[in-house]
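Peer 1: Once you've had a glance at the structure underneath, I'll fire off some questions.
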Amino acid sequence: LQGRTRLRWLAAAKALEAKARLEEYLRLYPIGPSAKERKAAARVGLTDAAAGELARVRDELLDPARYTSAGEWFERFRSAFQTHLDEAADQRIRYWANRAMLVTAVSPNGLVDSVSTLYFSFAMLADLCRVYHLKAGRTGTAVLLARVFFNAYLSGQLNDFEKLAEE
């Protein structure tokens, strides 16, 4: 019983810590009334209506008297705030994937495939970081770079394998 009580206490403490970190994220998320913030949001697929909804939900989530439990708060965060960000991120992923698809489909060789995939991957990652208002640290950046370079290399090699299969 004592072990179970301790685990419950730890779970509650971690939930409060997570809520505090997400509240800080909400405070720093750049959705304000300024034209510069609206223009930046529009560039990554957040319409004025979505940005207005995000601002409204942010104010609601930052009101300490609004929610009785952390579980309610987390559910509201996921359903009302994060959903809009995920939709914008999906749009950016589709946009860059379609551009990569078109360019690699008409490219004459693997080098062009690799370079275009590399560029589109970096552009997509930059957009996703803007959508979620994230900055990767040194380790995160190194991991992302490794994955992007590997995918770019792989895209060029697949084109070469396709030519071998044709021959």
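Read the figures in this text as sums done on the coordinates, not as results from a lab. Note that this is a predicted model, so its numbers are computed, not measured. Positions of Cβ are generated from backbone atoms using ideal geometry, with glycine treated the same way; all protein chains shown enter the neighbour counts.
Peer 1: Based on the Cβ-Cβ distance of Asn109 and Phe150, what FRET efficiency does E = 1/(1 + (r/R0)^6) give at R0 = 22 Å, to the nearest 0.05? Could you put the intermediate results ahead of the total?
Peer 2: Values: r = 19 Å, r/R0 = 0.87.
Once the sixth-power term is evaluated, E becomes 0.70.
Peer 1: What's the ranking of 82-90, 68-76, 132-140 by average number of surrounding C-beta atoms within 10 Å, highest first? List each step's numbers first, then the result.
Peer 2: Working: 82-90: 16.8, 68-76: 13.0, 132-140: 10.6.
Result, highest mean first: 82-90, 68-76, 132-140.
Peer 1: Taking only complete DSSP H runs, can you tell me which helices of the chain stretch 18 Å or more along their own long axis by Cα positions and average at least 0.0 on the Kyte-Doolittle scale? Spell out each step's value before the answer.
Peer 2: Details: long enough: 2-28 (39 Å, -0.52); 48-61 (19 Å, -0.31); 83-106 (35 Å, -0.27); 110-132 (32 Å, 1.03); 138-166 (42 Å, 0.17).
In the chain, the long hydrophobic H runs are 110-132, 138-166.
Peer 1: Given a Förster distance of 25 angstrom, what is the FRET efficiency for Tyr29 paired with Val143, based on the Cβ-Cβ distance and rounded to 0.05?
Peer 2: Details: r = 24 Å, r/R0 = 0.95.
After rounding to 0.05, the efficiency reads 0.55.
Peer 1: If I build a Gaussian network model for the chain, linking alpha-carbon pairs within less than 10 angstrom, which residue out of Ala152, Ala50, Ala13 has the largest mean-square fluctuation?
Peer 2: Of Ala152, Ala50, Ala13, the Gaussian network model singles out Ala13 as fluctuating most.
Peer 1: Follow-up question, since we're still on this one. Select from Val148, Leu10, Phe120 the residue farthest towards the positive end of the dipole of the chain; place +1 on Cβ of Lys and Arg, -1 on Cβ of Asp and Glu, and compute about the Cα centre.
Peer 2: Most positive-ward Cα: Leu10.
Peer 1: At Ala80 and Leu16, where each label point lies 7 Å from the Cα along Cα→Cβ, what is the point-to-point distance in nanometres?
Peer 2: Between Ala80 and Leu16, the simple spin-label model gives 2.4 nm.
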